[in-house]
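*Asks:* Mind looking over this structure? Questions follow.
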Amino acid sequence: MRGRALIAAAALACMTPVAAEAHHSFAVYFDSTKDVSITGKVTSFRFTNPHGTVVLDVTDAHGKVSEWRAETNAPAVLQRRGWTRDSIKVGETITIEGWPSRDGKPYMRLRRAVHQDGSLVGTAPFGQADQS
C-alpha cells in the first residue's frame with residue numbers, strides 16, 4: 001500500500017508543470033555601473049509575470065528607428081509602486097531610464113518611466129521610497 005502511494009506521488013510530481021525558464025540574475029544581463037535613458041513611442045506594454053516589458057520605437061539623431069525593450073519588475077511589485085495595466089498606453093511617448101544590457105543590445109532594466117508631460121509612471125522609481 002505504501003509503495004502505491006509513493007508511486008502515485010512520484011507520478012503526480014512528474015506531471016506538475018515546470019517553469020520553462022528559470023529566473024535570472026540581474027547582474028548577468030544588466031550593467032548596474034551604467035545608466036541609459038531613452039525616449040520613444042510605446043508599441044507594447046506587457047503587465048505579466050515574471051517580469052513586465054515595455055517596447056518602444058526610438059528614433060535616433062539620424063532619423064533611424066530602433067526597437068528597444070525594457071524589462072520591469074513583476075506586476076505585484078509594480079502595483080506596490082502605483083502601476084496598473086493602464087499606466088502605459090500603446091502609442092504614447094515616454095522616457096525610460098535604467099540599466100543597459102551587458103551585450104549591447106537595445107534592451108534594458110527599467111528603473112524609472114516618465115510620461116511626456118513629465119509625470120512619473122507610478123509613485124516611486126526602483127530603489128527609492130514612495131514619493132507620493
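The values are calculated or read from the model by the stated rules, or taken from the named source; none is laboratory data. Source: prediction; values computed, not measured. Neighbour counts run over all protein chains shown; Cβ positions are idealised from the backbone, glycine included.
*Asks:* List the pairs whose first member sits in region 116-132 and is closer than 25 Å to V58 by Cβ, whose second member is loosely packed, with under 15 Cβ neighbours inside 10 Å and modelled with pLDDT under 95, and whose Cβ atoms are under 7 Å apart, counting only residues at least 6 apart or on separate chains?
*Replies:* Sorted first by the residue in region 116-132, then by its partner, the pairs are A124/D130; A124/Q131.
*Asks:* A follow-up question, please. From the list T53, T43, T33, T59, which residue is at pLDDT 95 or above, more than 16 Å from the chain's Cα centre (by Cα) and polar (S, T, N, Q)?
*Replies:* Working: T53 fails: more than 16 Å from the chain's Cα centre (by Cα); T43 fails: more than 16 Å from the chain's Cα centre (by Cα); T33 fails: at pLDDT 95 or above.
The match here is T59.
*Asks:* Next question, about the same structure. All but one of (1) at positive phi; (2) under 16 Å from the mean Cα position of the chain (by Cα) hold for R80; which doesn't?
*Replies:* So the condition that R80 fails would be (1).
*Asks:* Evaluate the following for A124: is it of a type in the set (A, V, I, L, M) and either exposed (fewer than 13 other Cβ atoms within 10 Å of the Cβ) or modelled with pLDDT of 95 or more (or both)?
*Replies:* The answer is no for A124.
*Asks:* Let me ask something else about it. When the residues of region 70-90 are narrowed to those that are among the aliphatic types (A, V, I, L, M) and touching a Phe, Trp or Tyr at 6+ places or on another chain (Cβ under 8 Å), which ends up surrounded by the fewest Cβ atoms within 10 Å (Cβ to Cβ)? Step through it out loud before you land on a result.
*Replies:* So in region 70-90, the residues among the aliphatic types (A, V, I, L, M) come out as 70, 74, 76-78, 88, 90.
Still in the running and touching a Phe, Trp or Tyr at 6+ places or on another chain (Cβ under 8 Å): 70, 78, 88, 90.
Working: A70: 26, L78: 20, I88: 22, V90: 10.
Out of the qualifying residues, it is V90.
*Asks:* Same structure, new question: Out of curiosity, is I38 part of a strand (DSSP E or B), modelled with pLDDT of 95 or more and surrounded by 17 or more Cβ atoms within 10 Å (Cβ to Cβ)?
*Replies:* Working: part of a strand (DSSP E or B): yes; modelled with pLDDT of 95 or more: yes; surrounded by 17 or more Cβ atoms within 10 Å (Cβ to Cβ): yes.
In short, yes.
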